[in-house]
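The next block holds one structure in the form of structure tokens; read it before the comments.
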Amino acid sequence: MKIAIVKLSAMGDIIHAMVALQYIKKSNPTIKIDWIVEKAFAEILEGNSDIDNILPVHLKSIKKDKKALFSQIKLVKEYAKNGYDLVIDAQGLLKSAIVAKVLGKKRAGFSKSSIREGVASYFYQHKVNIAYDTNTIDRNTRVMSDPLNIEITPQMILDKEPFLFYTDTGDLNYLSHEKKNIVFVIGSTWESRNYPKEQFAQLANLLQQNILIAWGNSEEKERAEWIATQSRHVTVLPKMNLNGLKATIGQADLLIGNDTGPTHMAWGMNVPSITLFGPTPVNRVYETAINKVLKSSSVVNHYKLNKNDFSIKEIEVNTIYRMAEGLLNA
């Protein structure tokens, strides 16, 4: 059997969906799995042996150049020549549903009541019903496993094997052999999801370990450099690709970060982590013995997130510090 999974973005959502792959392959080792993804995120998938082919698209280019629509449709039609027995749209957007339609005749995805863009469900023959406010990882595993008549239980997810991998990046000379290596992920897509830089600096000074700050754009780099001026324990990481980021996180002792893709990498690699939540729902993730969460006191509406909710700053630095010490000394 040959299937195509359409999960275009974003980083965290792709990671949360990838956990299903190992159980799909265990259930049917002969199944062939191709994954259609925005090219900016293709590197996340690289190295995972449960994926047979990573097929990149660049649908975001259409926003800047409408003519790019034709080249992208042509590209997806080329992918369709692989002859898929089933196409699973794990994204649930109109654009991903259209990609799924071009890829194959037999399609599966979320039901109308299970997604934000309900019109997408009209493109599927097999419709998976799961509440929109259900745990994000459970939603992703259900839409990928249900069409294949495979059950993936919460316990199976808790017992998962690491599924993010990286190639050799040479000597990562910013890693310490004397102190614990702790990665801070200080940025995200919304400012209200960011833990304040002042509190990250305080945390670095409390931990007194080798603090490595990851950044993805000039604004985050500037914030990281400011934190470094406040703590002699901080090193601002160089600009790196996703493989380099996976390599760094994979060799770290702990990651502390906002609710964003690089933070979720730690969960996918079975690396200890603390995820900080303010305006987003804490049930985006699974809490485990080594992957912890801290949430502000604000109440989150899954159906209408409040980008003006800056309550993440309420999370006490000492609370994070105590949790971090517990993970480092476990």
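The values are calculated or read from the model by the stated rules, or taken from the named source; none is laboratory data. Everything numeric in this text was worked out from a predicted model, so none of it was measured. Here Cβ is always computed from backbone atoms with ideal geometry, including for glycine, and neighbour counts include all displayed protein chains.
Would you mind finding the one in N306, N291 that is within 18 Å of the chain's Cα centre (by Cα) and touching a residue at least 24 places away in the same chain (Cβ under 8 Å)?
Step by step, each of N306, N291 is checked, and only N291 is within 18 Å of the chain's Cα centre (by Cα) and touching a residue at least 24 places away in the same chain (Cβ under 8 Å).
Go through (1) touching a Pro at 6+ places or on another chain (Cβ under 7 Å); (2) part of a helix (DSSP H, G or I); (3) farther than 14 Å from L254 by Cα and name the single condition V300 misses.
Every listed condition holds for V300 apart from (2).
Would you check if K292 is surrounded by 18 or more Cβ atoms within 10 Å (Cβ to Cβ), in contact with a helix residue (DSSP H, G or I) (Cβ under 6 Å, 6 or more places away or on another chain) and not in a helix (DSSP H, G or I)?
So K292 fits the description; yes.
Please verify whether the range 307-315 includes one or more residues that are out of contact with any Gly (no Cβ under 8 Å at 6 or more places or on another chain), within 15 Å of S188 (Cα to Cα) and not hydroxyl-bearing (S, T, Y).
Looking through the range 307-315, at least one residue is out of contact with any Gly (no Cβ under 8 Å at 6 or more places or on another chain), within 15 Å of S188 (Cα to Cα) and not hydroxyl-bearing (S, T, Y).
So which pairs qualify, if the first residue must be in the range 125-147 and among the aromatic types (F, W, Y), the second must be part of a strand (DSSP E or B) and crowded, with 23+ Cβ neighbours inside 10 Å, the Cβ gap must be under 9 Å, and the two must be at least 6 apart or on different chains?
Y132/F110
Regarding the range 65-82, can at least one residue be identified that is among the aliphatic types (A, V, I, L, M), modelled with pLDDT of 95 or more and under 22 Å from F165 (Cβ atoms)?
Pass one, the range 65-82, residues among the aliphatic types (A, V, I, L, M): 68-69, 73, 75-76, 80.
Then keep just the ones that are modelled with pLDDT of 95 or more; that gives 73, 75-76, 80.
Checking which are under 22 Å from F165 (Cβ atoms) leaves us with none.
Scanning the range 65-82, I find no residue that is among the aliphatic types (A, V, I, L, M), modelled with pLDDT of 95 or more and under 22 Å from F165 (Cβ atoms), so the answer is no.
Only one of D253, D259 is of a type outside the set (G, A, S), closer than 30 Å to E46 by Cβ, modelled with pLDDT of 95 or more and crowded, with 20+ Cβ neighbours inside 10 Å. Can you tell me which? Working first, answer last.
Values: D253 fails: crowded, with 20+ Cβ neighbours inside 10 Å.
Matching residue, one of D253, D259: D259.
What do you reckon, is S231 at pLDDT 95 or above, hydroxyl-bearing (S, T, Y) and crowded, with 22+ Cβ neighbours inside 10 Å?
Values: at pLDDT 95 or above: yes; hydroxyl-bearing (S, T, Y): yes; crowded, with 22+ Cβ neighbours inside 10 Å: no.
Answer is no for this residue.
What's the number of the only condition in (1) crowded, with 20+ Cβ neighbours inside 10 Å; (2) farther than 27 Å from K160 by Cβ that S298 fails to meet?
(1)
Of the numbered conditions (1) touching a strand residue (DSSP E or B) at 6+ places or on another chain (Cβ under 6 Å); (2) under 20 Å from I14 (Cβ atoms); (3) basic (K, R), K295 satisfies every one except a single condition; which is it?
Of the numbered conditions (1) touching a strand residue (DSSP E or B) at 6+ places or on another chain (Cβ under 6 Å); (2) under 20 Å from I14 (Cβ atoms); (3) basic (K, R), the odd one out for K295 is (2).
Would it be correct to say that L207 is in contact with a Leu (Cβ under 9 Å, 6 or more places away or on another chain) and modelled with pLDDT of 95 or more? Don't jump to the end; show me each part of the working.
Details: in contact with a Leu (Cβ under 9 Å, 6 or more places away or on another chain): yes; modelled with pLDDT of 95 or more: yes.
Yes: the conditions hold for L207.
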